[in-house]
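Just below is one structure, and these are the notes that go with it.
The values are calculated or read from the model by the stated rules, or taken from the named source; none is laboratory data. All figures in this text were calculated on a predicted structure; none of them were measured in a lab. Cβ placement follows ideal geometry from the backbone for every residue including glycine, while neighbour counts extend to all protein chains displayed.
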Amino acid sequence: MSADVLERLRGGLVVSCQADPGSPLRDPFIIGRLALAAVMGGARGVRIQGFDNVGAVRAVTDVPIIGLTKTDRDDTDVYITPTAAEAVRLAELGAQIVALDGTDRPRPEPLAAMFAAVHGAGALVMADISTVDEARLALAAGADIVGTTLSGYTPHSRPGPEADWMLLDELRHAGLPFAAEGRLNAPDDAARAMSAGAAFVVVGSAITRPDVITGWFTRALQDALPE
Ligand SMILES: CC(=O)N[C@H](C=O)[C@@H](O)[C@H](O)[C@H](O)COP(=O)(O)O
């Protein structure tokens with residue numbers, strides 16, 4: 001795998017097509033349809049969670065797939081692709097990029113070994129980080145790109161209803177290659193992230209979680225009701 005796949009994504013939108021436990025969209029056929037709709041709208045790539053979903057999406061489109069698993073484990077807070085075996089399986093199923101937790105939290109397997117396994121399987125590594133220090137460490141350990149995915153989701157990163165704009169600035173000033181991901185909930189946010197130096201932008205909820213989007217609207221209506 002060459003870095004060509006990153007060039008295909010550069011300057012473009014990646015749509016994360018995921019359905020959480022309990023969602024009526026949690027079905028590989030539906031995830032495949034969401035991915036096709038995203039491609040129809042101009043997405044350069046898709047971010048897909050789970051083996052069955054990666055397989056289903058690979059069967060219907062050849063756009064680059066960023067694959068990941070979400071695995072709840074008792075021994076660690078790391079849940080995005082926590083093991084090399086999962087990472088390699090994603091690559092075998094057709095993910096050209098494997099996303100995995102690149103935070104500095106205790107993890108079941110060392111980062112460098114996981115990166116080597118992904119590269120050995122012919123895929124690239126997107127390390128999902130929550131701070132600029134984690135980005136530095138992950139890139140030094142061999143990640144091909146970092147994603148701001150986990151900012152706000154670790155105890156030591158900035159929480160907030162908005163994207164972590166400060167982290168984007170820090171990554172740019174440090175000269176580190178990054179994808180912007182997380183709480184980019186409007187086209188203007190995506191454009192701002194690109195202007196802030198992102199190689200590409202990943203949007204999930206605002207495009208593919210209708211339950212979440214509906215909640216934004218219903219809450220706005222409730223707030224607008226007269227007392
Ligand atoms: C923190 C975490 O587990 N993020 C997940 C990573 O794959 C997804 O649930 C998000 O939808 C994705 O990162 C895109 O973000 P947003 O949905 O905010 O556009």
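Here are the numbers:
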quantity	calculated
In segment 198-226, the residues that are part of a helix (DSSP H, G or I) and of a type in the set (A, V, I, L, M, F, W, C)	Ala206, Ile207, Val212, Ile213, Trp216, Phe217, Ala220, Leu221, Ala224
Residue among Ala138, Ala179 that is within 14 Å of the ligand (Cβ to nearest atom), under 22 Å from Ser16 (Cβ atoms) and either touching a residue at least 40 places away in the same chain (Cβ under 8 Å) or among the small types (Gly, Ala, Ser) (or both)	Ala179
Qualifying position, being at pLDDT 95 or above, on the phi < 0 side of the Ramachandran plot and more than 16 Å from the ligand (Cβ to nearest atom), among Asp133, Asp223, Asp188, Asp128	Asp133
Meets criteria (within 14 Å of the chain's Cα centre (by Cα), closer than 30 Å to Leu34 by Cα and not polar (S, T, N, Q)) for Ala127	yes
Spans of strands (runs of 3 or more DSSP E) in segment 14-101 with at least 2 residues under 25 Å from Gly215 (Cβ atoms), of a type in the set (Asp, Glu) and within 17 Å of the chain's Cα centre (by Cα)	none
Breaking point among (1) in contact with a helix residue (DSSP H, G or I) (Cβ under 9 Å, 6 or more places away or on another chain); (2) among the β-branched types (Val, Ile, Thr); (3) surrounded by fewer than 24 Cβ atoms within 10 Å (Cβ to Cβ), for Val39	(1)
Segment 145-158: number of residues that are more than 12 Å from the ligand (Cβ to nearest atom), touching a Pro at 6+ places or on another chain (Cβ under 9 Å) and farther than 19 Å from Leu13 by Cβ	0
Extreme residue, nearest to the ligand (Cβ to nearest atom), among residues of segment 48-66 that are in contact (Cβ under 8 Å) with a residue 40 or more places away in the chain and within 16 Å of Asp144 (Cα to Cα)	Ile66
Top-ranked residue in segment 159-175 [being more than 17 Å from the chain's Cα centre (by Cα) and either more than 15 Å from the ligand (Cβ to nearest atom) or in a helix (DSSP H, G or I) (or both); ranked as surrounded by the fewest Cβ atoms within 10 Å (Cβ to Cβ)]	Gly175
Selection from segment 1-36 of residues that are within 16 Å of the ligand (Cβ to nearest atom) and surrounded by 20 or more Cβ atoms within 10 Å (Cβ to Cβ)	Leu9, Leu13, Val14, Val15, Ser16, Cys17, Gln18, Ala19, Ile31, Leu34, Ala35
